[in-house]
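The values are calculated or read from the model by the stated rules, or taken from the named source; none is laboratory data. Model, not experiment: these values are computed from the prediction. Reconstructed Cβ throughout: ideal geometry from the backbone, glycine too, with neighbour counts over all protein chains shown.
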Amino acid sequence: MTDATKAGRERPLSPFVSVWRWHITMAASIAHRVTGVALYVAALIAAAWAISLASGPDAYAAFKAVMASPIGLVVMFGLTVSFFYHLANGVRHLVWDTGRGFDIKTANASAVLVIAFALAASIAIWVIAAMTGAI
Amino acid sequence: MSSYRTPLSRARGLGSAKHGVGDWISERVGAIALVPLTLWAVFAVLRLAAGDYGFAVAWITQPLNAVLMALTLVVSFWHMQAGLRVVIEDYVETGVGKTALLVLNLFVCGLAGALAVFSILKVALSGA
């Protein structure tokens with residue numbers, strides 16, 4: 001009681017980003033949300049593709065021109081990384097949902113694996129895109 | 001009268017105990033479906049990006065392509081709606097603004113998804 005009545009005593013803060021040392025599982029968790037929100041844009045682009053296709057050759061050509069512009073390509077590369085990251089980390093979450101892979105060593109290793117996969121798969125897809133005339 | 005109800009009867013009849021498990025399972029089933037669907041979609045995008053309008057029309061008139069593309073979009077918009085809903089619920093303070101954002105999220109996903117599916121069906125069925 002004496003502690004509680006002491007004026008101006010600082011209450012304990014719940015942990016927040018600024019008081020935590022960054023570690024990989026935390027970064028992986030935040031990245032899952034960030035890439036998920038980014039993929040909202042990807043789905044809207046996919047819807048725009050379908051709508052432009054249904055609107056005729058001119059609308060479709062305009063859509064393709066926007067996507068092939070420098071900004072369009074940068075956005076598409078970012079969305080490629082987001083997609084492969086969210087896919088791999090989503091599978092990581094599905095494994096967790098079965099109750100497996102929760103110990104710290106495994107969780108750290110799977111986070112590294114997911115990040116490495118996202119980068120490798122993105123580069124591979126863009127190499128394939130360049131070779132097949134997609135970009 | 002409410003004092004005659006036991007805590008168990010309240011838990012059974014109200015709140016998250018009613019449909020939380022169903023929501024949880026449908027989120028996972030949607031996520032599992034998206035693994036093969038979106039991997040297929042990546043290769044579809046590669047082919048479509050290399051082709052012109054005529055190629056895209058011919059491509060989408062094939063039943064398998066039209067159906068897989070429509071399914072990918074429907075399940076994706078469903079998954080997105082559920083995902084962004086959790087983000088809004090976590091970060092936005094309870095109130096009218098939060099409710100408005102949740103409804104907006106649902107409407108954007110529903111509208112974009114419906115427009116995309118209708119567009120695919122239109123081209124797939126009419127050939128242009």
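Quick one: count up the residues across region A:36-61 that are closer than 20 Å to B:ALA66 by Cα and either within 7 Å of chain B (Cβ to nearest Cβ) or of a type in the set (A, V, I, L, M, F, W, C) (or both). Walk me through how you get there before you give the answer.
The first filter runs over region A:36-61 and keeps only residues closer than 20 Å to B:ALA66 by Cα, leaving A:42-57, A:59-60.
From the residues that got through so far, the ones that are either within 7 Å of chain B (Cβ to nearest Cβ) or of a type in the set (A, V, I, L, M, F, W, C) (or both) too are A:42-51, A:53-54, A:57, A:59-60.
Final tally of qualifying residues: 15.
Scanning region B:100-120 for residues that are crowded, with 16+ Cβ neighbours inside 10 Å and either closer than 23 Å to B:TYR53 by Cβ or within 16 Å of the chain's Cα centre (by Cα) (or both) yields B:LEU102, B:ASN105, B:VAL108, B:CYS109, B:ALA112, B:GLY113, B:LEU115, B:ALA116, B:VAL117, B:SER119, B:ILE120.
For beta carbons closer than 7 Å, sequence separation of 6+ or different chains, a first residue in region A:23-47 that is more than 25 Å from B:GLY113 (Cβ to Cβ) and a second that is surrounded by fewer than 20 Cβ atoms within 10 Å (Cβ to Cβ) and modelled with pLDDT under 95, the qualifying pairs are A:MET26/A:TRP20. For region B:76-85, the condition of being more than 10 Å from chain A (Cβ to nearest Cβ), loosely packed, with under 13 Cβ neighbours inside 10 Å and under 20 Å from the mean Cα position of the chain (by Cα) holds for none of the residues. Residues that are out of contact with any strand residue (DSSP E or B) (no Cβ under 7 Å at 6 or more places or on another chain), part of a helix (DSSP H, G or I), at the interface with chain A (Cβ under 9 Å from one of its Cβ atoms) and without any contact (Cβ under 8 Å) to a residue 24 or more places away in the chain do occur in region B:91-109, at least one of them.
Within region B:42-66, track down each residue that is farther than 23 Å from A:GLY56 by Cβ and either more than 10 Å from chain A (Cβ to nearest Cβ) or of a type in the set (Gly, Ala, Ser) (or both).
Looking only at region B:42-66, we keep the residues that are farther than 23 Å from A:GLY56 by Cβ, and these are B:42-43, B:46, B:64.
If the condition is that a residue be farther than 23 Å from A:GLY56 by Cβ and either more than 10 Å from chain A (Cβ to nearest Cβ) or of a type in the set (Gly, Ala, Ser) (or both), then B:LEU64 is the only one that fits.
Given the options A:PHE117, A:PHE84, name the one that is surrounded by 15 or more Cβ atoms within 10 Å (Cβ to Cβ), within 27 Å of B:ILE120 (Cα to Cα), out of contact with any strand residue (DSSP E or B) (no Cβ under 8 Å at 6 or more places or on another chain) and among the aromatic types (Phe, Trp, Tyr).
On the way: A:PHE117 fails: within 27 Å of B:ILE120 (Cα to Cα).
When all the criteria are applied, what remains is A:PHE84.
Of all residue pairs spaced 6 or more apart or on separate chains, those with beta-carbon atoms under 7 Å, a first member in region B:52-64 that is touching a residue at least 24 places away in the same chain (Cβ under 8 Å) and a second member that is among the hydrophobic types (A, V, I, L, M, F, W, C) and outside any helix (DSSP H, G or I) are B:VAL57/B:ALA128. None of A:ILE123, A:ILE135 is outside any helix (DSSP H, G or I), more than 27 Å from B:TRP78 (Cβ to Cβ), out of contact with any Gly (no Cβ under 8 Å at 6 or more places or on another chain) and β-branched (Val, Ile, Thr) except A:ILE135.
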